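The values are calculated or read from the model by the stated rules, or taken from the named source; none is laboratory data. Note that the coordinates shown come from a computational prediction; the quantities given were computed from them, not determined experimentally. Glycine also receives a Cβ, built like all others from the backbone with ideal geometry; neighbour counts cover every protein chain displayed.
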């Protein structure tokens, strides 16, 4: 039944259409939406420009079908406004793309997901521009329909009655997603989201709307190029070795930024993109190194200027020439950077910008910057060459200064000024030097203004995260998918609070007899610092007895013994051992018949072990861990490798307390990260625990066991031996699967003070 008034409105709008062809097409459309009538004339004109005459009827028929869906005017408006542009921008034939689109619309309309037709059409233009081929567009539509099918629900369990909670959010984010990953990566990201949150509508919606950290982390895994996380350690080493700079390196996301971001210097460190692709024959890692070198150069040689009296155009010129000065000083110090910087620095054609219609200031400055770095630039403009020569003379005998470069930039802007420099139509082609920073550090604003506010850090918000060092994130192994969940766990490390060292001294007195027995074993294991090696052809000194005999042989005409020297070798123990203690809540249980807790017994054992290690002189660290979900794994430093067994260490051990759960895989990975920095011949991780890996946010007991097994395998690959001493009488069921042959179960926990040092001595023989 027609709604009164609709038809009369449509008829009146039809009469007002200027083009008779539009009137005829509007009649074919058979639509009563006034909003569509208002724009139809313009939309149909665009359709005639971009769609062939033979295919216009198909366009109108598709629009008629969409208008009859019963979804209001929005889907029709989206189709009318965007479809001609889709055909024009992508160059895709309508005959190849329209049928699968309409098929997808009909499929959604027949299901409870009909409301998703509107976001599908609203974003289809941006999606098609990314994909470019009809085949790829078909694959995208297949993925969308698959998501709808797999996430739709049913109350009764027979027919689909509940729409997908996440499909509209996914469709709205699709252009952004396809700018980051390939269709294959998008499919894997979709599969992970459905698997993780298929039964949790709210979490599912947050995942597909890119509102959850998990979705962004998994999407980051699917990105191509060099990830910052993969090269962070190498970049830190480069910064420390070449610049003696320990600045914090912090990545920022490039996947979801509305505008392109550049590296920049902040008060607390250097900001770099989270991923870089290869470019101009330069690897992502080398691009990171170029960015890092440029930032470090600014930190070393640049001085801030007061910005209030400089116009935006003048500041742009100062920044460009200051960047060129920094690059010149870099090449003077590190000539090997030249191929990288020249490959990444654009070389715009001299006549690429038309000053009659475009603002060419950026183009001129980029050409000048290239001329300052490249002696073979080939530019012929007399003014450009004059200022390139002035730039080189300024740096011939010194490093110059930011102030002197600013004066040179001001002179260039004054001499090269053109009326078109005020045009809003700025020429950007080949003017972006993406390894350079945004120079926010170069300016100080005396007067409060918009510029100052734009660089001000956002106000601090209350956070539920633990106070202290920022967390270190580690992946976690998902045995169901046989893949890692990237950056899944957050490990917070801190120095353990101190108690009373005298408490540990009393524990050692309690075990004085055991200590004397250990002392005899330790004396046998103590290394002999120097062993004398005779009969060496080369050495640190002569072996007089052998030398005399060789001289006698030579005098008597016999062949003398050539091995007349003595050398020495060190017969030491090149060992680094980290004792990792499980500090979960179960350690607070009381041992039958003793009146003391498992934690008390473990503290006695660790105290005795610490004393024994000190006697041997081995490099050993002690740490404890416990967890409160994947978001908070606490890692407590009790003794460092460089610390002696003294009162501060004893005080920390005395204050150890137990609580929370046992997310062992994350703790093992962090301990392995600590051991990886040791140069010892033998590196051992000794784990002391009283139960299997577990946490309150994990329902499947096998999940964390599989992850811990994977963590142990990772350390083994890195050359670290992991051994577990378990106090769990049921450990036989799982400990072998995790640690292979490197484990032992202690049935009588009260014997731990005696057995733990013995386990250590056996491991380190």
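Take residue 705 and tell me if it is in contact (Cβ under 8 Å) with a residue 24 or more places away in the chain and surrounded by 14 or more Cβ atoms within 10 Å (Cβ to Cβ).
Yes, satisfied.
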Among the residues in the range 667-678, are any more than 26 Å from residue 619 (Cα to Cα) and either surrounded by fewer than 20 Cβ atoms within 10 Å (Cβ to Cβ) or in contact with a helix residue (DSSP H, G or I) (Cβ under 9 Å, 6 or more places away or on another chain) (or both)?
no
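Please enumerate the residues belonging to the range 744-758 that are touching a residue at least 12 places away in the same chain (Cβ under 8 Å) and surrounded by fewer than 19 Cβ atoms within 10 Å (Cβ to Cβ).
Correct list: 744, 745, 747, 750, 754, 755.
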So which helices (runs of 4 or more DSSP H) stay within the range 165-283 end to end and still have 2 or more residues that are at pLDDT 90 or above?
167-178, 183-197, 201-208, 228-243
Being touching a helix residue (DSSP H, G or I) at 6+ places or on another chain (Cβ under 7 Å), touching a residue at least 40 places away in the same chain (Cβ under 8 Å), crowded, with 17+ Cβ neighbours inside 10 Å and within 15 Å of residue 324 (Cα to Cα) narrows 360, 372, 367, 353 down to just 372
Among (1) touching a strand residue (DSSP E or B) at 6+ places or on another chain (Cβ under 7 Å); (2) touching a residue at least 12 places away in the same chain (Cβ under 8 Å), which single condition is residue 590 missing?
(2)
Is it the case that residue 392 is surrounded by fewer than 20 Cβ atoms within 10 Å (Cβ to Cβ) and assigned to a helix (DSSP H, G or I)?
yes
Scan the range 605-629 for residues that are crowded, with 19+ Cβ neighbours inside 10 Å and either under 24 Å from residue 692 (Cβ atoms) or not assigned by TED's automatic domain parsing to the domain that holds residue 668 (or both) and report the count.
9
Selection status of residue 678, more than 26 Å from residue 745 (Cβ to Cβ), in contact with a strand residue (DSSP E or B) (Cβ under 7 Å, 6 or more places away or on another chain) and not in a helix (DSSP H, G or I)
yes
For the range 122-136, pairs from a residue that is assigned by TED's automatic domain parsing to the domain that holds residue 173 and within 20 Å of residue 74 (Cα to Cα) to a residue that is modelled with pLDDT under 80 and not in a helix (DSSP H, G or I), with Cβ under 8 Å and 6 or more apart or across chains, are 128/92
Breaking point among (1) buried (at least 21 other Cβ atoms within 10 Å of the Cβ); (2) touching a helix residue (DSSP H, G or I) at 6+ places or on another chain (Cβ under 9 Å), for residue 563:
(1)
Subset of the range 598-637 that is assigned to a strand (DSSP E or B) and without any contact (Cβ under 8 Å) to a residue 60 or more places away in the chain - its residue that is farthest from the chain's Cα centre (by Cα)
620
Only one of 230, 286, 202, 246 is more than 28 Å from residue 483 (Cα to Cα) and surrounded by fewer than 18 Cβ atoms within 10 Å (Cβ to Cβ). Can you tell me which?
246
For the range 132-148: of the residues being more than 30 Å from the chain's Cα centre (by Cα) and at pLDDT below 90, which is nearest to residue 116 (Cα to Cα)?
138
For residue 648, all conditions in the list (1) buried (at least 24 other Cβ atoms within 10 Å of the Cβ); (2) over 30 Å from residue 698 (Cα atoms) hold save one; what is the number of the exception?
(1)
Identify all residues within the range 711-738 that are in a helix (DSSP H, G or I) and farther than 16 Å from residue 662 by Cα; write none if there are none.
713, 714, 715, 716, 717, 732, 733, 736, 737
Can you name the condition, by its number, that residue 650 falls short on among (1) within 25 Å of the chain's Cα centre (by Cα); (2) not in a loop (DSSP other than H, G, I, E, B)?
(1)
